[in-house]
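Below is one structure, written out as structure tokens, with a few remarks after it.
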Amino acid sequence: MENKQQSNGVMKENNAVKKKVNWSGSLIVASLTGAFGSSFLYGYNLSVVNAPSAYIKKFYNETWERRYGFSMDEGTLTLLWSMTVSIFAIGGLVGAIIVTPIVKFFGRKCTLLLNNVFAVTAALLMSLSLLAGSFEMLMLGRIIMGVDAGISLSALPMYLSEISPKEIRGSLGQVTAIFICIGVFTGQVLGLPEIFGQESRWPYLFGAIIIPSLIQVVILPFLPESPRYLLLEKHNTSKAEKAFQKFLGKDDVSREIEEVLAESRVQRNTKLVSIPQLLRTRAVRWQIVTVVVTMGCYQLCGLNAIWYYTNNIFSEAGINRETIPYVTLSTGAAETLAAVFSGLVIERVGRRPLLLGGFGLMTVFFSVLTVSLTLQDTVHWLPYLSIFCILAIIASFCIGPGGIPFVLTGEFFQQSQRPAAFMIAGTVNWLSNFAVGLLFPFIQAGLQTYCFLVFAAICFAGATYLFCVLPETKNKTFHEISQAFAKRNKVTLEMQEMNHYPGERKSSAEQESNFTSSVDNGETKKEVV
């Protein structure tokens, strides 16, 4: 009876805590500023090259002719343009590989700030390429911008997951996806003929990259570093407490400090885990597989193919070619609205239903789109069904698969494993991105409209795997999520703890005593205890 009453008391206390959770001003500013200078630029650079593509190709040809006295052939021009587009993914892969040591030594916030060096350098190279008469500057700028994106898509979700309370961790994590969508939409808007979508103005499209970077550099230094990073990796209790107070908007952060210290007591002798060490850790085996599957499906689910077909489908529906750029804005708007909707409901619905629903709906709409594209010459209204399917696929992607993979990567792993986990996720992300860019033209040429069945199969396979493996992580601590995977990883809870925290183990009393004695003036000393 007593245990039952105590349990009910704890549940009531937890519910009360959940009701009190709010979005402090610092938390909102940190998430918006971090995303605006990071994931926004990733989305922007995905779409910004589409509108001025004809003018850029003309610039390539004129530069070649001025240098060598003859025009380049169509094959060479196509190759150069394909390299300009796809080299962004190569830079992203480089960024994903180098992000682990950077976030370890400089911290999450400082990594985001330093990353702006890449963004500003890339913006200057690309915006001045026309003036300098060098298309190599544009290509070099694209690969440097890719490095910026590779770093930011790992460092930003890491930062957001570590500064947010677990009750709103999913909503805050979705900020990454929302700003990717806003970036895509902004690139479409600025690429309109009335703005920068003209032959003489296209360099301004790339120069605009500097603005979000400068805003981030001005605002982000006034916000705290990740409190978990400060406490677990820098061993600075005083700064960690102040960071928690600022982000949570309250003075009493003892509960949050104690949650992190519970991890710190067993982790403080553990160094940052490398990728080989993480891959050999049995207790996180299925977490790694799940991250690889979700990140792979994130890129391979066919959204890039949708952008490829959009103009043709709108044209077949009878829309004038001059009007198509404006109608295309509807795709960016649908993407942004769906991402915002996902951010609003993720803490109520959960990660699992949104991911399963997103991939499931994409499977259905890809199948319908295949039928409508194949038969659109026989029935006059089918092109309009194709337009609906395009918008539905984009919305379905952004509701779940577009942002939740980044959230899950931050939730599955403990502090010392997180950088290596994001490096694995980022590598899979960018390799899949490059594979789509490289292979899709061949798939499209061979299968024509039936190529969408390939993406329907990938979405179905992803949904099936997640249905069988993925537990719900909403409002759960790292320890609770690890327990959900323990049976599948075939480890007992004791083995799991030993796998997470290898090395010599001490009694809880001895660890507590040593930890307490190492604290001096609010800061934990760095000597090994």
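The values are calculated or read from the model by the stated rules, or taken from the named source; none is laboratory data. Just so it is clear, the model here is predicted, and its values are computed rather than measured. Every residue, glycine as well, gets a Cβ built from its backbone with ideal geometry; the counts of neighbours run over all protein chains shown. For accessibility, only protein heavy atoms count, side chains too; no ligands or nucleic acids. Shrake-Rupley method; radii C 1.70, N 1.55, O 1.52, S 1.80 Å.
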Quiz prompt | Unique match (being open to solvent by 20 Å² or more (accessible area, probe 1.4 Å) and either among the hydroxyl-bearing types (Ser, Thr, Tyr) or farther than 14 Å from residue 88 by Cβ (or both)) among 172, 125, 130 | solution = 130
Quiz item: Any idea how many residues of the range 158-169 are assigned to a helix (DSSP H, G or I) and either free of Cβ contacts under 8 Å to residues at least 12 places away in the same chain or open to solvent by 10 Å² or more (accessible area, probe 1.4 Å) (or both)?
Solution: 5
Practice problem: Evaluate the range 235-247: report whether one residue or more is open to solvent by 20 Å² or more (accessible area, probe 1.4 Å), farther than 24 Å from residue 24 by Cα, modelled with pLDDT under 85 and assigned to a loop (DSSP other than H, G, I, E, B). | Solution: yes
Quiz item: For residues in the range 469-480 being outside any loop (DSSP other than H, G, I, E, B) and of a type outside the set (A, V, I, L, M), which is most open to solvent (accessible area, probe 1.4 Å)?
Solution: 479
Quiz item: Of the residues that make up the range 199-209, is at least one open to solvent by 10 Å² or more (accessible area, probe 1.4 Å) and either basic (Lys, Arg) or not assigned by the TED database to the domain that holds residue 65 (or both)?
Solution: yes
Quiz item: So which residues in the range 375-406 are in a helix (DSSP H, G or I) and under 30 Å from residue 289 (Cβ atoms)?
Solution: 392, 393, 394, 395, 396, 397, 398, 399, 404, 405, 406
Quiz item: residue 146 fails exactly one of the following numbered conditions: (1) more than 25 Å from the chain's Cα centre (by Cα); (2) open to solvent by less than 10 Å² (accessible area, probe 1.4 Å). What is the number of that condition?
Solution: (1)
Quiz prompt | Wholly enclosed helices (runs of 4 or more DSSP H) of the range 44-129 bearing at least 2 residues of a type in the set (Phe, Trp, Tyr) and at pLDDT below 95 | solution = 53-68, 74-106
Quiz prompt | Selection status of residue 337, surrounded by fewer than 23 Cβ atoms within 10 Å (Cβ to Cβ) and closer than 21 Å to residue 46 by Cβ | solution = yes
Practice problem: Filter the range 425-468 for residues that are open to solvent by 20 Å² or more (accessible area, probe 1.4 Å) and closer than 30 Å to residue 487 by Cβ and give the result. | Solution: 427, 428, 457, 458, 460, 461, 464, 465, 467, 468
Quiz item: Within the range 233-248, can one find any residue that is out of contact with any Ser or Thr (no Cβ under 9 Å at 6 or more places or on another chain), under 26 Å from residue 42 (Cα atoms) and not small (Gly, Ala, Ser)?
Solution: no
Practice problem: Pick out the one residue from 191, 296, 302 that is in contact (Cβ under 8 Å) with a residue 60 or more places away in the chain, among the small types (Gly, Ala, Ser) and either open to solvent by 50 Å² or more (accessible area, probe 1.4 Å) or in the same structural domain as residue 46 (by the TED database) (or both). | Solution: 191
Quiz item: Hey, any hits in the range 346-368 for a residue that's more than 25 Å from residue 468 (Cα to Cα) and modelled with pLDDT of 90 or more?
Solution: yes
Quiz item: Within the bounds of the range 218-231, is there any residue that is at pLDDT below 90 and more than 24 Å from the chain's Cα centre (by Cα)?
Solution: yes
Quiz item: Is there a residue being β-branched (Val, Ile, Thr), assigned to a helix (DSSP H, G or I) and farther than 20 Å from residue 355 by Cβ anywhere in the range 190-208?
Solution: no
Exercise. Restrict the check to the range 95-116 and report whether at least one residue is farther than 29 Å from residue 174 by Cβ and surrounded by fewer than 22 Cβ atoms within 10 Å (Cβ to Cβ).
Key: no
